[in-house]
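Let me begin by presenting the structure, written as structure tokens, before commenting on it.
The values are calculated or read from the model by the stated rules, or taken from the named source; none is laboratory data. Note that the structure is a prediction, hence the values are computed from the model and not measured. Cβ coordinates were reconstructed from backbone atoms using ideal geometry, including for glycine residues, and neighbour counts include every protein chain displayed. Ligands, DNA and RNA are excluded from the accessible area calculation, which covers all protein heavy atoms including side chains. Shrake-Rupley method; radii C 1.70, N 1.55, O 1.52, S 1.80 Å.
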Amino acid sequence: MRGDPQLAGSAIARINGYCFGAGMEIAASCDVRIGVTTARFGMPEVRFGIPSGMEACLLPQLIGWGKTRELVYTGDAIDAAEAYRCGFLEQLVEPQGLNAGVERWITSILAAGPRAIRLQKELVRDWERMTIKQAVQAGIRACVRARQTDEPRRLMQAFIERKNDRKK
């Protein structure tokens, strides 16, 4: 990641080629994934006599149990279009658009409030293990925590000023 403090702890998987086994697990552990149309994905470990482990446990929340079973039981590879269709990739781009796609995400993250990003990441991690009722309550607490600084007021004021400038 670039040296921006706001991006600390954020992980963008930039996939340009083969993404097999541990590579797919590392990509699954990232916050978001962007891949090129020519990329290939798979979990071939069973073809070598070992099960997929470690971060492979993240796959069901990204692609569902059925697609996870298909990949880890068969060791078959899928193309980038299928990885996008099943939800493994958030963005699918032509090879020449990969850097621009990553930069768009970075620019958007940097446009947000640093504290808000940290709180949002914490919430997303919590949502993965909470019931809906617990997640709603955690969201309310996070909003209260966010308002303990002037970040929401400053960012809203900047938004209003930009909007007013466009009207002139």
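Tabulated results
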read-out	value
Verdict on residue 134 being modelled with pLDDT under 90 and either touching a helix residue (DSSP H, G or I) at 6+ places or on another chain (Cβ under 9 Å) or surrounded by 13 or more Cβ atoms within 10 Å (Cβ to Cβ) (or both)	yes
Qualifying residue in the range 67-76 (condition: of a type in the set (Lys, Arg) and within 23 Å of residue 129 (Cα to Cα))	yes
Check on residue 119, in a helix (DSSP H, G or I) and touching a helix residue (DSSP H, G or I) at 6+ places or on another chain (Cβ under 9 Å)	yes
Answer from 55, 82 - the residue that is surrounded by fewer than 16 Cβ atoms within 10 Å (Cβ to Cβ) and under 13 Å from residue 28 (Cβ atoms)	55
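This table checks each residue for (1) of a type in the set (A, V, I, L, M, F, W, C); (2) open to solvent by 40 Å² or more (accessible area, probe 1.4 Å); (3) free of Cβ contacts under 8 Å to residues at least 40 places away in the same chain.
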site	(1), (2), (3)
17	no, no, yes
21	no, no, yes
43	yes, no, yes
87	no, no, yes
93	yes, no, no
113	no, no, no
